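Shown next, in structure tokens, is the structure this report addresses.
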């Protein structure tokens, strides 16, 4: 963290960066491959994106700023929850949800997550989470929840990368070009 960057600024920057990585990773896989469940992986791009919608909603919005009625009007959390929380219905995801729907939901929740961070003062980061019926699995304050959200996003970028490779569209980080000496 540089001298002028606050903890809030850092979390906002890292969250936005993790969103860009997710977009970059999913953008290069054709929509017709999103529902495929590669052998040995027991996941698909549709499941990964749906799961990220719910996790970003919980870790980045709900426990930070409380339930947001404007978001809940557009985001089908109750319809998504049985399919994208635990991964036990992955085989049903492809027929129930479209790529367009999942991408739109991801954009909505990402925008609201950045808004939620932007509403905080630095002193709010050590404050308690918005109360929920089930305790947060890893965080006791807002900073921990937002930090976990970034880590969780990047964990799933790795899983998205494995699925992309398995369906024939590995992500090219351009490492060969970066490491070549002139």
Does region 65-113 classify as rounded, prolate or oblate by the C-alpha gyration tensor (a ≥ b ≥ c root eigenvalues; a/c under 1.5 gives rounded; else a/b over b/c gives prolate, otherwise oblate)? prolate
Scattering curve values for region 1-62, log₁₀ I(q)/I(0), Debye with Cα scatterers, q = 0.29 Å⁻¹: -1.21
Shape call, region 123-182: gyration tensor on alpha carbons, a/c limit 1.5: oblate
What's the long-distance tail for region 1-152, i.e. % of Cα pairs beyond 25 Å? 30
Using R₀ = 45 Å, calculate the FRET efficiency as 1/(1 + (r/R₀)^6) where r is the Cβ-Cβ separation of residue 162 and residue 70; round to 0.05. 0.80
Length added when fully stretched, residue 173-residue 7, from 0.36 nm per residue minus Cα-Cα: 56.9 nm
P(r) for region 39-84: what percent of alpha-carbon pairs falls in each 10 Å bin, starting at zero? 25, 51, 19, 6
Note: residue 155 to residue 78 extended length (0.36 nm per residue) minus current alpha-carbon separation gives 25.3 nm
Less than 18 Å from a label point 7 Å out along the Cα-to-Cβ axis of residue 42: which backbone N atoms in region 84-98 qualify, by residue? 84-94
Could you identify which residue out of 111, 23, 73 has the top mean-square fluctuation in a GNM of the chain using Cα springs shorter than 10 Å? 73
So if each residue of separation counts as 0.36 nm, and I subtract the Cα-Cα distance between residue 107 and residue 28, what length gain in nm does that give? 26.8 nm
Relative contact order (%) - region 11-174, alpha-carbon pairs under 8 angstrom, separation at least six: 37
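Just so you know, all these numbers are worked out from the coordinates, no wet-lab data involved. Computed from a prediction, not measured in an experiment: that's the story for all the values here. Ideal geometry is used to build each Cβ from the backbone, glycine not excepted, and the neighbour counts take in all protein chains shown.
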